[in-house]
1. How much of the accessible area of the range 43-106, probe 1.4 Å, is carbon plus sulfur, in whole percent?
2. So what's the net charge close to Arg391: Lys and Arg +1, Asp and Glu -1, counting the other residues with Cβ under 9 Å from its Cβ?
3. What value, in deg cm²/dmol to 500, does the helix sum -39500 (n - 2.57) over DSSP H runs of n ≥ 4 give at 222 nm once divided by the residues of the chain?
4. Starting from the Cα gyration tensor of the range 170-217, take the square roots of the eigenvalues, sort them a ≥ b ≥ c, and report rounded, prolate or oblate (rounded when a/c is under 1.5, otherwise prolate if a/b is larger than b/c, else oblate).
5. Given a 1.4 angstrom probe, what's the average accessible area per residue across the range 319-363, in square angstrom?
6. Assuming 0.36 nm per residue, please report the length gained on full extension of the stretch Asn259 to His99 beyond their Cα-Cα distance.
7. Which entries in the list Lys35/Lys158; Lys39/Lys340; Lys158/Lys340; Lys39/Lys392; Lys58/Lys158 go over 27 Å, if you measure between the two C-alpha atoms of each?
8. Could you check how much of the accessible area of the range 384-428 is carbon and sulfur, as a whole percent, using a 1.4 Å probe?
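The values are calculated or read from the model by the stated rules, or taken from the named source; none is laboratory data. Please read all numbers here as calculations on a predicted model, not as lab measurements. Ideal geometry is used to build each Cβ from the backbone, glycine not excepted, and the neighbour counts take in all protein chains shown. In case anyone asks, the SASA skips ligands and DNA or RNA and just uses the protein heavy atoms, side chains included. Shrake-Rupley method; radii C 1.70, N 1.55, O 1.52, S 1.80 Å.
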Amino acid sequence: MRAYGAGVLSALPIPGAAADFTLRIQPVTVELAPKHHVKTTGYNGTAPGPIIRVQEGKTISIDVLNETDIEEVVHWHGLNIPSSVDGSMEEGTPPVAPHSSARYTFAATPSGTRWYHTHVTAGRNLNRATYTGQFGFFYIEPRSEAGDYDAEFFLALKEWDPFWSTQAGNGDSLDVAYQRFSINDRSLGFGEPLRVKQGQRIILRILNASATQVRRVAFAGHRFRVVALDGNAVPAPQVVDVLELGPAERVDAQVTMNNPGIWILGATDDHDREAGMGVVVEYAGQVGMPTWQTPGRAAWSYTVFGTQPGETETAAPIPLVFRKKFVSSHWQDKWTVNGKQFPHTDPIRVNAGNAYRLIFDNQSDEAHPVHLHRHTFELLNVGGVNTRGVRKDVVMVAAKSQVHARLLANNPGPTLFHCHNQMHMDFGFMTMFQYS
């Protein structure tokens, strides 16, 4: 398992151009383990793609070369940038035609752990969109980096070889299942381990790059000190045994290396971890087989990382109601926002400079990782518990539950809102925010 820290994307200018970075969308083969190869689409010959690392506020240009036979687009997830370069065709970003190129130019803000990925529709084609290897880290270095760690590791959780399946208890609706699993580009037990030394304090920048799956992650023999969610520093860092990430969420966690041995960091789901979603962490001078320890069933809550509210938020409310429409057995469910499926949803109207209270009202029996492009929102209430100070761009809204969030409308332009479960998004779960 490579540490996925040395493969930082560097400038690769094309003739006649002077881009800071170049991404090539092309077929790749990922060797998860000996004799276990996955053919997919990735960036620059790898999946995940190379890490893009820039300083906060720097204006950069990225050339994207589409070397496939279908149109594509790259979304810069979590960045506060104009609609024209955000990488969403619904917002007006032009697609990159087959065997052509496009240049994206923008200022890299805000700081923290961001990422980039394809943003096209898959529908029933599981060889498209976020089911593929088109994803990578985009780390924006803060102007004043604390640097209070000795080693840094970027870890992307990913499933491979998706297929359609029916799940018991879901009305026989079609769902997506997977055959293989990895952290970055290797399955557990293959590739290089994460090598550490006793006494180090490391930072793990963890991304759930799944198209559809929520993940719980533990680190045998160790605990996580969560310092940022979706790349944004939390006001009240906490030490926890288990991390939980919906699709597209990121967690930055410090770990003190105070328990020498050879350990496993990976999914708490035994089947998926044993099928590959894990990585070996090896202390210097230690030998033997890696150890896994099953963690307790600790609850995960965003609210523990926030502060108690000092005053009532009085911003204008915007209700966003999510419902499921069962279509038929062995078929995909449809999804609605405020009673309608995209592209027939009513746009959400906002005024630049105003604050709003977003009310994510999930009336379905499934949890949803909802994402608002080009903005960061602050959590106010999660499942009836008040909080302040936790800023995110994706939030998991539990089944039959509500999350309230404060949005400052400070980035004018068409703005996409959707569930980051690819299947839900493809079958109706999207709408647009429009600035008046």
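1. Working: 1120 of 2180 Å².
Carbon and sulfur together cover 51 percent of it.
2. Local charge sum for Arg391: -2.
3. Working: 2 runs with 10 residues, N = 436.
Helix-only estimate at 222 nm: -500 deg cm²/dmol.
4. prolate
5. Values: 2300 Å² over 45 residues.
Normalised by residue count, the accessible surface of the range 319-363 is 51 Å².
6. 52.5 nm
7. Details: Lys35/Lys158 19 Å; Lys39/Lys340 37 Å; Lys158/Lys340 31 Å; Lys39/Lys392 33 Å; Lys58/Lys158 30 Å.
Checking Cα-Cα distances, Lys39/Lys340; Lys158/Lys340; Lys39/Lys392; Lys58/Lys158 exceed 27 Å.
8. Working: 710 of 1340 Å².
That share works out to 53 percent.
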